[in-house]
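Step one of this worksheet: look at the structure below.
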Amino acid sequence: MDFRIGQGYDVHALAEGLPMFLGGVRIPSETGFVAHSDGDVAIHALCDALLGALALGDIGHLFPDTDDRWKGVDSTELLAAVLKLPDYRDWTVVNADITIALQAPKLAPHIEAMRRRLSEVMGISPSRVSVKATTTEHLGFVGRKEGCEVWAVVLIARK
């Protein structure tokens, strides 16, 4: 069997009064992500991992923030678009592993909803999607509640 691994990373600043979306789920919060799209940093990292697995560049190349078509877009649409690329027709996602570093709000109550939503968009079982959340123990920009960073790893296999 032919396998590929992809790794993605993304970061977004936080600001008051913006909605917070992570893993395709709206998270109740007084702050949200500064971004051209809906700012779903988890999906952006996942898209980069999927694109990287097939050496297709990165999310900024495919969906540039200079293009008004992507302004305010629901990032689940970006994820679906990546998986509909002609390069992906012979590939399937085996599993995805996502780590979110965010000081607040607490994400534990939302992890299962994120896993379900991401698996739905990718067309795989939730058992193949891992979402983990951590803080940085008040260290760095994440600890100061200035932003969020996410790492994603995917394994894909040729159908």
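Observations on the model:
- Test result for Ala113, in contact (Cβ under 8 Å) with a residue 60 or more places away in the chain, loosely packed, with under 15 Cβ neighbours inside 10 Å and closer than 16 Å to Ile27 by Cα: no
- Criterion (in contact with a helix residue (DSSP H, G or I) (Cβ under 9 Å, 6 or more places away or on another chain) and not in a helix (DSSP H, G or I)) met by exactly one of Ala81, Ala35, Ala45: Ala35
- Residues that are open to solvent by 40 Å² or more (accessible area, probe 1.4 Å) and either touching a helix residue (DSSP H, G or I) at 6+ places or on another chain (Cβ under 8 Å) or within 14 Å of Ala49 (Cα to Cα) (or both), drawn from the stretch 133-159: Ala133, Glu137, Trp151, Val153, Leu155
- Residues that are among the aromatic types (Phe, Trp, Tyr), without any contact (Cβ under 8 Å) to a residue 60 or more places away in the chain and either surrounded by fewer than 23 Cβ atoms within 10 Å (Cβ to Cβ) or touching a helix residue (DSSP H, G or I) at 6+ places or on another chain (Cβ under 7 Å) (or both) are absent from the stretch 1-17 altogether.
- Checked against (1) at pLDDT below 95; (2) under 9 Å from the mean Cα position of the chain (by Cα); (3) of a type outside the set (Gly, Ala, Ser), His61 passes all but a single condition, namely (2).
- Total residues in the stretch 116-125, condition without any contact (Cβ under 8 Å) to a residue 12 or more places away in the chain, open to solvent by 20 Å² or more (accessible area, probe 1.4 Å) and either among the small types (Gly, Ala, Ser) or closer than 11 Å to Ala96 by Cα (or both): 1
- Screening the stretch 59-78 for residues that are without any contact (Cβ under 8 Å) to a residue 24 or more places away in the chain and either assigned to a helix (DSSP H, G or I) or in contact with a helix residue (DSSP H, G or I) (Cβ under 6 Å, 6 or more places away or on another chain) (or both) and picking the one that is least open to solvent (accessible area, probe 1.4 Å) gives Gly60.
The values are calculated or read from the model by the stated rules, or taken from the named source; none is laboratory data. All of these numbers come straight from a predicted model, not from anything done at the bench. Please note: Cβ atoms are built from the backbone with ideal geometry, for glycine as well, and neighbour counts cover all protein chains shown. Heads up: the accessible areas ignore ligands, DNA and RNA and are worked out on the full protein's heavy atoms, side chains in. Shrake-Rupley method; radii C 1.70, N 1.55, O 1.52, S 1.80 Å.
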